Amino acid sequence: MRILIYKEDGLGDTFFSIPTLKFLNDLNIQNLNIFFYSKYSDFLENLFENELKNLRFLTKNEIYNSFFNRVIFLGPIAKFFKDIIFIKSQKKYSIIYKNKILANLILKVFTNTISFEKVNPILDNEIFNIFNLIYYILKLENLIKNESILKKEDILSFYSLENFIFFYSKIQKNIIKELSKKYPINEEYIILHITYKSFFNGLKIDDYFGLIKKLISLNKYIFIIFGPLELKYLEEFKKFDKIKDNKIFLIEKLSLTEYIGLCYKANVFIGFDTGACHLAAFSNTKKIISFYPDKIFNYNSIRYAPLNKFSQIINLPYSYIKQATINDHLI
């Protein structure tokens with residue numbers, strides 16, 4: 001049987017998928033071939049290197065030119081509805097949510113639908129939701145037995161950079177060495193990840209500038225990182241007079257591997273409800289401060305918070321940025 005797991009989501013969801021991929025690989029069921037698609041498939045293949053024997057990562061072209069016995073679609077329907085129709089499979093599963101009435105009606109026409117609320121507590125962390133949903137469907141297909149279930153501790157035990165022997169060696173031997181030629185990574189430093197989503201949820205550039213002033217007062221190096229979707233804000237940050245401080249670095253065009261190297265050596269990572277927070281957690285950054293919009297803080301900080309048993313993780317609402325109390329968490 002050929003099963004495709006289709007995860008057309010962001011960086012955070014890709015990292016949250018890692019324990020599930022390990023579990024699926026270890027199932028090692030005869031005549032079961034498991035495939036995984038993500039726009040970060042190349043990175044995942046590099047991460048696992050030779051550690052997966054029973055799971056294969058596919059590109060978009062490969063899934064279009066293949067046939068599957070089952071396909072499990074995970075993530076927001078709007079991003080991949082065309083693929084639900086055109087990927088060739090005997091049976092397709094999708095996840096529905098009770099508050100998405102129109103989307104649910106459409107999905108029921110083309111797929112076998114699984115209610116998210118039936119399978120998962122609504123405020124359980126997404127790393128467990130991904131595992132539970134796939135596990136539930138594999139049970140429906142009589143591919144695994146009840147005793148195969150992992151505990152949360154088992155899932156988290158694999159969610160750490162040190163568990164990827166080849167990749168971890170590459171970070172320590174090569175990536176950190178190259179990064180040290182450009183940045184003072186052997187000194188204490190803070191990473192601040194600029195996130196475009198934050199501007200849509202109540203933050204302004206001046207709020208970032210206020211936060212940067214507080215960070216400067218700590219007298220540590222500050223790496224301000226811009227992803228591809230944040231480059232349009234870079235010029236505004238260059239105009240900020242405090243940026244001229246020689247302990248501040250504006251960083252762009254990092255590869256994910258380089259980013260993991262920076263996070264691995266960082267003292268503090270500050271991010272805003274974004275995949276980069278999960279990247280920091282996977283990298284075992286010493287302290288992670290993750291911000292969420294005030295109006296949905298309780299929901300997002302439980303379901304989408306970074307998760308790691310080695311890092312000190314602090315989840316705060318956006319309003320803390322404008323209060324002096326954030327300094328208490330930075331020290």
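The values are calculated or read from the model by the stated rules, or taken from the named source; none is laboratory data. Every value quoted in this text rests on a predicted model; they were computed, and no experiment measured them. Every residue, glycine as well, gets a Cβ built from its backbone with ideal geometry; the counts of neighbours run over all protein chains shown. Accessible surface is based on the protein model in full, side chains and every heavy atom, while ligands, DNA and RNA are left aside. Shrake-Rupley method; radii C 1.70, N 1.55, O 1.52, S 1.80 Å.
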Subject >> Under 5 Å, built H, 5+ apart or other chain: amide partners of I313 >> reply: I288
Original post:
What is the distance in Å between the Cα centres of the stretch 112-143 and the stretch 8-83?
Top reply: 16 Å
Original post:
Once the Cα gyration tensor of the chain is diagonalised, what are the square roots of 5 times its eigenvalues, in whole Å and ordered largest first, as equivalent ellipsoid semi-axes?
Top reply: 37, 22, 18
Original post:
From a point 7 Å beyond the Cα of K232 in the direction of its Cβ, which residues of the stretch 1-32 have a backbone N at a distance under 16 Å?
Top reply: none
Subject >> the chain: most fluctuating residue of F272, F200, F15 per GNM, C-alpha cutoff 10 Å >> reply: F200
**OP:** Quote to one decimal, in nm, the extra length available between N99 and K309 on full extension: 0.36 nm per residue of separation minus the C-alpha distance between them.
**Re:** 72.3 nm
Original post:
Based only on the alpha carbon positions, what is the Kirkwood hydrodynamic radius of the stretch 1-158, in angstrom?
Top reply: 16.0 Å
**OP:** Amide H neighbours of I5 under 5 Å, at least 5 residues apart or on other chains, H built in the peptide plane: list them.
**Re:** F35, F36, Y37, I72
Subject >> Karplus-derived HN-Hα couplings along the stretch 50-64 (A = 6.51, B = -1.76, C = 1.60, θ = phi - 60°), whole Hz, x at Gly and Pro >> reply: 8, 8, 10, 10, 10, 9, 10, 8, 10, 8, 4, 4, 5, 6, 5
Original post:
Ignoring ligands, DNA and RNA, what accessible area per residue does the chain give at 1.4 Å, in Å²?
Top reply: 47 Å²
Original post:
So what is the calculated 222 nm ellipticity per residue for the chain, using -39500 (n - 2.57) for each DSSP H run with n of 4 or more, over all residues, to the nearest 500 deg cm²/dmol?
Top reply: -10500 deg cm²/dmol
Subject >> Cα convex hull of the stretch 66-106, projected area averaged across orientations, nm² >> reply: 2.9 nm²
**OP:** Compare L105, L250, L123 in a GNM of the chain, Cα atoms joined below 10 Å, and give the one with the largest fluctuation.
**Re:** L105
Original post:
Using the alpha-carbon centroid of each, what span in Å lies between the stretch 185-232 and the stretch 240-266?
Top reply: 9 Å
Subject >> Under 17 Å from the Cα of K181 - lysines, other chains or at least 8 residues apart >> reply: K170, K173, K247, K253, K265
Original post:
Pulled fully out, how much extra length does the chain show between K182 and S319, if you take 0.36 nm times their separation in residues and subtract their Cα-Cα distance?
Top reply: 45.9 nm
Subject >> Choice from L192, L32, L21 showing the highest fluctuation, given a GNM over the chain with Cα pairs closer than 10 Å >> reply: L32
Original post:
Which lysines have a Cα lying under 29 Å from the Cα of K82, excluding residues fewer than 8 positions away in the same chain?
Top reply: K7, K22, K39, K60, K91, K92, K98, K100, K108, K118, K139, K197
